[in-house]
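Participant: Sending over a structure as structure tokens; questions will come in a sec.
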Amino acid sequence: VQLQASGGGLVQAGDSLRLSCAYSGRTFSNTAMGWFRRRPGKEREFVAAISWGGGSYYADSVKGRFTISRDKAANTVFLQMDSLKPEDTAVYYCAADLAFSIHTVRNGNSYNYWGQGTQVTVSS
């Protein structure tokens, strides 16, 4: 199983970025996909997730600015990040949860597979 995240970069505050995560290696039906991030000096934290049925979940810190979506045919999940802030600077990771539950969707320990991470840097 492989998850390949891409799309990170250096942007200014207020700019937008779109992260992509291509996944392959098994059947991903009934799988939820999530994005997490690790900010400098901080623990890994939940950012957003999308269920197989299309339900989306967001951290309060990104709600209204970030949008998660997925293209099932292309086995790709996206994270559209708008109105970026310096505090969004982090390494962003995509992950797959084979046993989706709304009770654990924000818990990184429930995810089975992880991508390698992509750096997002937002300058002020």
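The values are calculated or read from the model by the stated rules, or taken from the named source; none is laboratory data. These numbers were taken from a predicted model, which means no experiment stands behind them. Here Cβ is always computed from backbone atoms with ideal geometry, including for glycine, and neighbour counts include all displayed protein chains. The protein model used for the area step is the full one, side chains on, heavy atoms only, and it has no ligands, DNA or RNA in it. Shrake-Rupley method; radii C 1.70, N 1.55, O 1.52, S 1.80 Å.
Participant: Among the residues of region 34-45, write down those that are touching a helix residue (DSSP H, G or I) at 6+ places or on another chain (Cβ under 9 Å), open to solvent by 20 Å² or more (accessible area, probe 1.4 Å) and in a strand (DSSP E or B). It would help to see each step written out before you state the result.
Facilitator: If we filter region 34-45 for residues that are touching a helix residue (DSSP H, G or I) at 6+ places or on another chain (Cβ under 9 Å), which is where we start, we get 34, 36-37, 39, 44-45.
Checking the rest, the ones that are also open to solvent by 20 Å² or more (accessible area, probe 1.4 Å) come to 39, 44-45.
Passing the criteria: ARG44, GLU45.
Participant: Does region 15-33 hold any residues that are touching a strand residue (DSSP E or B) at 6+ places or on another chain (Cβ under 9 Å), among the small types (Gly, Ala, Ser) and open to solvent by 30 Å² or more (accessible area, probe 1.4 Å), and which are they?
Facilitator: SER16, ALA22, SER24, GLY25
Participant: Between LEU79, LEU84, LEU3, which is crowded, with 17+ Cβ neighbours inside 10 Å, touching a Phe, Trp or Tyr at 6+ places or on another chain (Cβ under 8 Å) and within 14 Å of GLN119 (Cα to Cα)?
Facilitator: The match here is LEU79.
Participant: Still on this model: Among the listed residues GLY115, GLY108, identify the single one that is touching a Leu at 6+ places or on another chain (Cβ under 9 Å) and either open to solvent by less than 40 Å² (accessible area, probe 1.4 Å) or among the aromatic types (Phe, Trp, Tyr) (or both).
Facilitator: After ruling out the rest, the residue left standing is GLY115.
Participant: Picking from ALA96, ALA49, which residue would you name as being in contact with a Ser or Thr (Cβ under 8 Å, 6 or more places away or on another chain), touching a residue at least 60 places away in the same chain (Cβ under 8 Å) and closer than 20 Å to GLY7 by Cβ?
Facilitator: The unique qualifying residue is ALA96.
Participant: Here is a follow-up. Which of the residues belonging to region 52-93 are touching a strand residue (DSSP E or B) at 6+ places or on another chain (Cβ under 7 Å) and free of Cβ contacts under 8 Å to residues at least 12 places away in the same chain?
Facilitator: TYR58 - this is the single residue of region 52-93 that is touching a strand residue (DSSP E or B) at 6+ places or on another chain (Cβ under 7 Å) and free of Cβ contacts under 8 Å to residues at least 12 places away in the same chain.
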